[in-house]
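Report on the following structure.
The values are calculated or read from the model by the stated rules, or taken from the named source; none is laboratory data. Keep in mind it's a predicted model, so treat the numbers as computed, not measured. Cβ atoms come from the backbone with ideal geometry, glycine included; neighbour counts cover every protein chain shown.
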């Protein structure tokens with residue numbers, strides 16, 4: 001019964017030849033606060049090592065457009081950069097490696113105009129994120145991984161296809177906005193393009209000083225999420241030494257509801273769908289990778305939106321910076337492999353509920369005292385939840401809802417798993433999700449079986465209860 005609720009999704013292996021036609025810096029088109037020599041403070045939540053990345057996303061639009069694509073998007077971006085002027089600046093390091101935004105001449109966002117002789121139909125199923133779409137998101141030649149210093153903070157590649165359709169490949173610097181902040185900006189850009197005049201609802205608010213560290217800093221929690229751990233397990237090496245492949249699955253809402261019921265068994269407190277899904281994915285991934293030794297402690301990390309936790313005082317409306325904490329659940333390999341789903345679900349729930357206003361303030365102070373210098377992958381799976389983002393609703397630039405909106409390639413960071421909303425118009429309101437995760441090719445069959453709970457009733461019981 002369970003496999004009917006989980007569908008493995010497939011994508012074609014493609015080569016997408018594109019031609020870059022021109023690269024255009026886009027500056028705010030009116031008076032803005034981005035004066036040369038000015039700097040802006042970034043909070044320690046903006047400046048966490050995990051935020052020192054660009055978040056790449058792709059948006060596809062079919063061929064029914066009646067207005068010029070490039071000029072419409074470029075003019076709208078120039079308008080929206082007036083209130084969102086920090087995105088026209090650059091990042092640089094100050095004392096102790098801390099980042100700030102600075103403004104100088106000839107900066108601005110970057111628009112890249114490109115075309116392809118292929119049609120959108122040649123790309124196959126646009127509902128399944130495909131690493132082959134990578135050429136549709138611009139990277140500079142020989143660009144270093146994780147480079148954010150002296151880079152445009154917004155890079156948009158618009159690629160026109162032979163059918164008249166187009167894609168917007170977007171790279172937004174995570175230091176400037178978290179997921180909800182990015183949706184706020186994209187919504188303003190899209191609404192402005194659609195209307196032909198500046199629309200910002202709500203008005204953007206910078207106010208990063210809201211999260212200044214306490215003096216003196218007061219770290220009240222161990223913050224396992226940042227802990228430097230020498231990976232004594234086979235997990236990281238098995239992923240990075242083998243060439244990981246990206247797998248995608250459609251998870252129906254019936255399966256999610258059923259899994260949530262199983263995850264709550266024996267627990268006095270209720271769990272969320274995310275708690276149960278994250279626990280099931282974590283257990284299935286570790287089992288499929290056959291991680292050794294069994295007594296090694298693994299970590300599951302995930303971001304928690306802390307906006308509603310802030311009461312004294314609350315955040316101002318329109319704040320688009322980072323307001324996320326990294327929750328961390330820990331468990332030995334043995335407990336994950338031989339324990340039951342409800343126990344792992346409880347660990348995820350406790351980690352999620354452990355994020356409070358005081359935990360957020362402690363995070364800010366921890367980063368101030370001991371600023372992490374590199375991403376830590378030891379024994380870790382990170383789950384990123386996009387299902388609550390209005391990524392499709394936010395991206396109507398005047399050509400309707402995108403056929404697909406979201407990330408494309410997880411293989412450069414194979415210890416990241418993403419939960420995506422389903423985007424097809426026929427499935428709006430279905431509450432299904434698409435799960436994308438990376439594994440070595442040799443582990444994909446076992447993972448699929450574990451995720452889908454394939455096998456006899458006895459095997460399914462073993463997968464769930466031990």
| Hey, residue 371 in contact with a helix residue (DSSP H, G or I) (Cβ under 9 Å, 6 or more places away or on another chain), under 25 Å from residue 257 (Cβ atoms) and surrounded by fewer than 21 Cβ atoms within 10 Å (Cβ to Cβ) or not | no
Exactly one of 364, 434 is modelled with pLDDT of 95 or more and closer than 29 Å to residue 119 by Cα, and that one is 434
In the set 261, 301, 272, the lone residue that is on the phi < 0 side of the Ramachandran plot and either outside the structural domain of residue 435 (by TED's automatic domain parsing) or free of Cβ contacts under 8 Å to residues at least 24 places away in the same chain (or both) is 261
*Residue in segment 289-296 that is under 30 Å from residue 131 (Cβ atoms), within 26 Å of the chain's Cα centre (by Cα) and in contact (Cβ under 8 Å) with a residue 60 or more places away in the chain present*: yes
Next item on the list: Return a yes/no flag: does segment 134-151 have any residue that is touching a residue at least 24 places away in the same chain (Cβ under 8 Å) and touching a helix residue (DSSP H, G or I) at 6+ places or on another chain (Cβ under 8 Å).
Entry: no
message = Tell me yes or no: at least one residue of segment 53-68 is farther than 25 Å from residue 192 by Cβ, out of contact with any helix residue (DSSP H, G or I) (no Cβ under 9 Å at 6 or more places or on another chain), at pLDDT below 95 and not assigned by TED's automatic domain parsing to the domain that holds residue 256.
response = yes
For segment 344-368, pairs from a residue that is under 18 Å from residue 43 (Cα atoms) to a residue that is modelled with pLDDT under 95 and part of a helix (DSSP H, G or I), with Cβ under 6 Å and 6 or more apart or across chains, are 356/309; 357/309
Checked segment 98-114 for anything modelled with pLDDT under 95 and within 17 Å of residue 174 (Cα to Cα); matches are 98
Of the conditions (1) closer than 20 Å to residue 176 by Cα; (2) more than 23 Å from the chain's Cα centre (by Cα), the single one that residue 149 does not satisfy is (2)
Expected single match for in contact (Cβ under 8 Å) with a residue 40 or more places away in the chain, outside any strand (DSSP E or B), in the same structural domain as residue 177 (by TED's automatic domain parsing) and surrounded by fewer than 17 Cβ atoms within 10 Å (Cβ to Cβ) among 87, 73, 14, 77 is 14
For this session: Tell me, yes or no, whether segment 295-311 has at least one residue that is out of contact with any helix residue (DSSP H, G or I) (no Cβ under 9 Å at 6 or more places or on another chain) and assigned to a loop (DSSP other than H, G, I, E, B).
Result: no
If we ask which residues in segment 30-70 are surrounded by fewer than 16 Cβ atoms within 10 Å (Cβ to Cβ), in a loop (DSSP other than H, G, I, E, B) and touching a residue at least 40 places away in the same chain (Cβ under 8 Å), their number turns out to be 10
Of the residues in segment 173-231, those that are farther than 30 Å from residue 79 by Cα and either assigned to a loop (DSSP other than H, G, I, E, B) or modelled with pLDDT of 95 or more (or both) number 17
